[in-house]
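Inspection log for the structure reproduced underneath, given as structure tokens.
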Protein chains: 2
Amino acid sequence: MKHLTIVKVGGKIVEEPESLKALLKEFSLIAGYKILVHGGGRSATQFCEKLGIQTTMIDGRRVTDAESLKVITMVYAGWVNKTIVAQMQALHIDAVGLTGADMNLILSARRPVQKIDYGYVGDVKEVNAPVLAELLEQGYVPVIAPVTHDGEGQLLNTNADTIAGEIAKALAFDFNIRLIYCFEKRGVLLDENDDDSVIPLLDKELFEKYKAEGIIQGGMLPKLENAFQALAAGVQEIIISRASEMNAGKGTFIKN
Amino acid sequence: MKHLTIVKVGGKIVEEPESLKALLKEFSLIAGYKILVHGGGRSATQFCEKLGIQTTMIDGRRVTDAESLKVITMVYAGWVNKTIVAQMQALHIDAVGLTGADMNLILSARRPVQKIDYGYVGDVKEVNAPVLAELLEQGYVPVIAPVTHDGEGQLLNTNADTIAGEIAKALAFDFNIRLIYCFEKRGVLLDENDDDSVIPLLDKELFEKYKAEGIIQGGMLPKLENAFQALAAGVQEIIISRASEMNAGKGTFIKN
């Protein structure tokens, strides 16, 4: 079976020229088919501030009103995405920068209002696996921005971790998939203040144990829950690693 | 030979929801292969103002410093491009929004500094005709933002009229091409204050005559010079028309 590596990066790594350059250099070393999924970090929030748009976060999640959606689309699908694509082209990677609306790649549904109205936030409904597979077969490297659409003309802000996981699941029938979540830390840590306390291997049982003990908590919980779901759906290998070490066999390996 | 329609739109048409909707409805009625090339109008300038970035125009052309390039890429390749793509998808047009960096579609060279340094402005060197032709054959409708790259990692602001003309020329070997420049006026006017004074047919001789008489002037001159070059390169038909009348056989037809 063909091998596909999906790398998810976010935050400061893609926003600062030096770290982006280092990241793309590492990415260029990956053999076989590959996809990059990126977030955008804090620059969207900074632009909102400059433009006088108030950013509301609930449990670490952005409430996306019409103005914020515009800024997110501009920053992530515009500047960050095209900067990555141009720099990949310079590394002779034939990149194509896409949102979920392009080629109808990722259809999502606006998150229903329960206690909280998150605004223009989309939950992934369907990944267009045949089209992604075709792009890969043709030699392109898709660079995916965390914006999707509802099929009725509405763009939606969508979590980049989730997009990476859903793409991995959708392509797991056709490819042997390695999914790498790049991270500022070196992996999942036993002690968040000790960068060397990386958990080398994490299976479901150990995850439940660390979760119960409060060792794994916060934003890492949904990331890991997504990871175990992706493994259950046939994804071969999931690694949480520092971007600069993604090819070094370091970080936390997630196993079922 | 296969028929391809290339539509170039810009300015207010793509920025206002109502006029964009009407435009895309017209565009959806075009049979056969099609490409949309868009500019972005004044919203980039407005964003620059809001962000405190000074816009310098020389002879109606924007001087693009690093900050302006960022805003242009955000607004044109981000917001305008993806808004168009999402709305096309809702009309069951399988659009894919691209810059010249994506799939290495349009390679350009930074304009050399002579009297004026235009900054990050690119002149088209090469259009990747085989890749565009392949997208069309696969059923996609490319939506092209006026941003290109130099192949060495630098994005460049590039005139959308020129991009439309260069794409037309590059694809003229494989397609019977109709190139439509959409415009706020109904065509090229004999009297700019009389909307009904559309010149129905303009050949090179008549163009030179009107040019000498000062009837055709300003921004229309480079547009028409581009048009005659495209005809000379094998493009079949060029029309300058109001967006709402692009399918009505109205406007100014340019002939060699």
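One table, with the values for the structure above:
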quantity	calculated
Peptide-level mean, for B:99-110, of C-beta atoms on other protein chains within 10 Å	5
Between the stretch A:192-256 and the stretch A:45-70, the Cα center-to-center distance that results, in Å	29
GNM result for chain B, Cα springs below 10 Å: residue of B:Asp161, B:Asp59, B:Asp150 fluctuating most strongly	B:Asp59
Debye equation applied to the C-alpha atoms of the protein assembly as shown, log10 I(q)/I(0) at 0.11, 0.12 Å⁻¹	-0.92, -1.07
Fraction in percent of alpha-carbon pairs per bin - 10 Å, the stretch B:116-256	11, 37, 34, 16, 2
Mean ellipticity per residue at 222 nm, deg cm²/dmol - from DSSP H runs of n ≥ 4 across chain A, formula -39500 (n - 2.57)	-9500 deg cm²/dmol
Cα Rg over Rh - the stretch A:1-52, Kirkwood	1.13
Calculated P(r) of the stretch B:1-120 - Cα pairs past 24 Å, %	35
Exercise: per-residue mean of other protein chain Cβ atoms within 10 Å, B:115-128	0
Amide proton proximity set for A:Gly10, modelled H, under 5 Å, gap of 5+	A:Gly39
Longest site-free stretch - chain A; sites: GluC sites (Glu not before Pro), DSSP loop, at most 16 other Cβ within 10 Å	A:1-151
Relative contact order of the stretch A:46-162, pairs being alpha-carbon contacts under 8 Å that are 6 or more residues apart, as %	28
Accessible surface buried upon B-A contact (total; probe 1.4 Å; Å², nearest 100)	3100
Solvent-free Debye scattering, log10 I(q)/I(0), computed from the Cα coordinates of the stretch B:2-254 at q = 0.09, 0.10, 0.13 Å⁻¹	-0.37, -0.46, -0.81
Of all chain A residues, the one whose C-beta is nearest the axis that brings A onto B, in angstrom	A:Gly78, 1
For the stretch B:67-115, average projected area of the Cα convex hull in nm²	4.6
Accessible-area order (highest first, 1.4 angstrom probe) of the listed residues A:Ile215, B:Ile84	A:Ile215, B:Ile84
Fraction of antiparallel bridges per DSSP, the protein assembly as shown only, in percent to nearest 5	35
Cα-centre dipole for the stretch B:126-209 with unit charges at Cβ (Lys and Arg positive, Asp and Glu negative), debye to 20	180
Inter-chain shielding of B:144-154 (mean C-beta neighbours from other protein chains, 10 Å cut-off)	3
7 Å along Cα→Cβ, label-point gaps from B:Ala31 to other copies, nm, shortest first	5.2
With all protein chains modelled, accessible area of B:Thr162 [1.4 Å, Å²]	40
Share, in percent, of DSSP beta bridges within chain B that are antiparallel, nearest 5	35
Filter on A:Lys223/B:Lys21; A:Lys70/B:Lys169; A:Lys12/A:Lys211 - keep pairs with C-alpha separation over 31 Å	A:Lys223/B:Lys21; A:Lys70/B:Lys169
Backbone N within the stretch B:187-228 under 12 Å of label point (7 Å from B:Met57 Cα along the Cβ vector)	B:219
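The values are calculated or read from the model by the stated rules, or taken from the named source; none is laboratory data. Since this is a predicted model, take the numbers as computed values, not measurements. For neighbour counting, all protein chains shown are included, and Cβ atoms are generated from backbone atoms with ideal geometry for every residue, glycine included. Surface areas here come from the heavy atoms of the whole protein model, side chains and all, with no ligands, DNA or RNA. Shrake-Rupley method; radii C 1.70, N 1.55, O 1.52, S 1.80 Å.
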